[in-house]
1. Just one of A:131, A:136, A:154 is assigned to a helix (DSSP H, G or I) and open to solvent by less than 60 Å² (accessible area, probe 1.4 Å); which is it?
2. Taking only the stretch A:157-168 into account, find how many residues are assigned to a helix (DSSP H, G or I), more than 9 Å from chain B (Cβ to nearest Cβ) and over 12 Å from residue A:44 (Cβ atoms).
3. So, in the stretch B:15-46, how many residues would count as being touching a helix residue (DSSP H, G or I) at 6+ places or on another chain (Cβ under 6 Å), open to solvent by less than 20 Å² (accessible area, probe 1.4 Å) and either among the polar types (S, T, N, Q) or closer than 23 Å to residue A:48 by Cα (or both)?
4. For residue B:12, state whether it is open to solvent by 10 Å² or more (accessible area, probe 1.4 Å), in a helix (DSSP H, G or I) and facing chain A (nearest Cβ under 10 Å).
5. Considering each of A:103, A:3 in turn, give the residue that is open to solvent by 10 Å² or more (accessible area, probe 1.4 Å), of a type outside the set (A, V, I, L, M) and modelled with pLDDT under 85.
6. Being open to solvent by 10 Å² or more (accessible area, probe 1.4 Å) and either facing chain B (nearest Cβ under 10 Å) or closer than 30 Å to residue A:152 by Cβ (or both) is the filter here, so list the residues in the stretch A:27-39 that pass it.
7. Please verify whether residue B:89 is in contact with a Cys (Cβ under 8 Å, 6 or more places away or on another chain), more than 9 Å from every other protein chain (Cβ to nearest Cβ) and part of a helix (DSSP H, G or I), treating the condition exactly as stated.
8. Do we have residue A:77 as open to solvent by 50 Å² or more (accessible area, probe 1.4 Å), out of contact with any strand residue (DSSP E or B) (no Cβ under 9 Å at 6 or more places or on another chain) and in contact (Cβ under 8 Å) with a residue 60 or more places away in the chain here?
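The values are calculated or read from the model by the stated rules, or taken from the named source; none is laboratory data. Just so we're clear, the structure is a prediction, and the values are computed from it rather than from any experiment. Glycine gets a Cβ as well: all are built from the backbone with ideal geometry, and neighbour counts include every protein chain shown. The area values use the complete protein model at the heavy-atom level, side chains included, leaving out ligands, DNA and RNA. Shrake-Rupley method; radii C 1.70, N 1.55, O 1.52, S 1.80 Å.
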Amino acid sequence: MASVLRTEPTVGPEDERELVRRARSGDRDAVAALLERHELVAWRVCRHLLPAGEDVEAAVQETLLRALRGLPKLAAETGFAGWLAAIAVNHCRDRLRRRRLVSFLPLEGGADEDDAGPVSVLPAPAPDPERVSMARQAVARVRRELSRLPRRQREVFALRFFVGLELEAIAEALAVDVGTVKTHLHRAVHRVRRVAEEALP
Amino acid sequence: MTAWHLSDDELDRLIASGELPPERTEHVNGCLACRRRRDGLLAVIEDASGADPGDQARERVREVALAEWGRPAPRFHRWWLAAAAALLVALLLPLTHRSRQPQVAFDPEAVLEEVDTILARDPLTVLASEEVVEAVTSAPGQATEGSTS
């Protein structure tokens, strides 16, 4: 399915299990290799679940450290990416709880309509400036809408589209059933699609 | 292939979980308009994700985490000390309670009064036992008797 937008380079399950096994026994090289492969999961979760102004780098660092300290508890069969995502989500929740900002602050800094960054929705090869502007507006609106989503919908959306987890892995990471994940994801997609299509040509 | 395009709800389902009836999936595969709509939305979502951190930032954070991992967690020590202190208090509390229980309440006034009474009766009892005091106080008479005999 094309909705899994950003995935890490695929690693064989056997290779992954072996790395996890070595990491659990304290092999530093294996730990470093696992982090290098999957750390973007922590970066993306923290970037999308924390409000603007929150120190994402510090949050990622703490997430990785929590993961390393929890390695002995990681079952060899568990996917490292999903496990790391769960730790990152919990860490973000802790930070938000501490700051009592769970649903009040935007996720992305400003989400200024003129600062939507590069866009890939442009028709190749020579983008029409009007379409570029519309695409930027759509991206900015989607970001703003994401920041307004209820916490659970935001988490599910980020894990699905920004981290690239499968529905089952999301359910495991959030300790809910797959049906719940689907419901939240469907609602989130509905809201995001509506605002995106309003802005798109 | 069914002729009509994807409804909003079908598109939401396709994007969210990919779950569509086979004939509708077949329609999407053959319909340029529906594919454009789906791909356009996915592209906006991807752009909304923003840029990932650079290699330097990733490496820096990873290395710090690995270095911290090598050190003992300070929080653990604090908790360990707190737990040990709590355990010690929990163990000592019944002991102090028990040792206090049989004691009669201490009344300094009564003690002082008793001391005063003893001193008034005979100041020497403060310095020596009753037998010694008795021996000393009765000694002059005995000595006199002994010396005279």
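1. One residue alone meets the criteria, A:154.
2. Residues meeting the conditions: 1.
3. 5
4. no
5. Going through A:103, A:3 in turn, just one is open to solvent by 10 Å² or more (accessible area, probe 1.4 Å), of a type outside the set (A, V, I, L, M) and modelled with pLDDT under 85: A:103.
6. Passing the criteria: A:28, A:32, A:36, A:37, A:38.
7. In short, no.
8. Numbers: open to solvent by 50 Å² or more (accessible area, probe 1.4 Å): yes; out of contact with any strand residue (DSSP E or B) (no Cβ under 9 Å at 6 or more places or on another chain): yes; in contact (Cβ under 8 Å) with a residue 60 or more places away in the chain: yes.
Considered against the rule, which asks whether it is open to solvent by 50 Å² or more (accessible area, probe 1.4 Å), out of contact with any strand residue (DSSP E or B) (no Cβ under 9 Å at 6 or more places or on another chain) and in contact (Cβ under 8 Å) with a residue 60 or more places away in the chain, residue A:77 comes out as yes.
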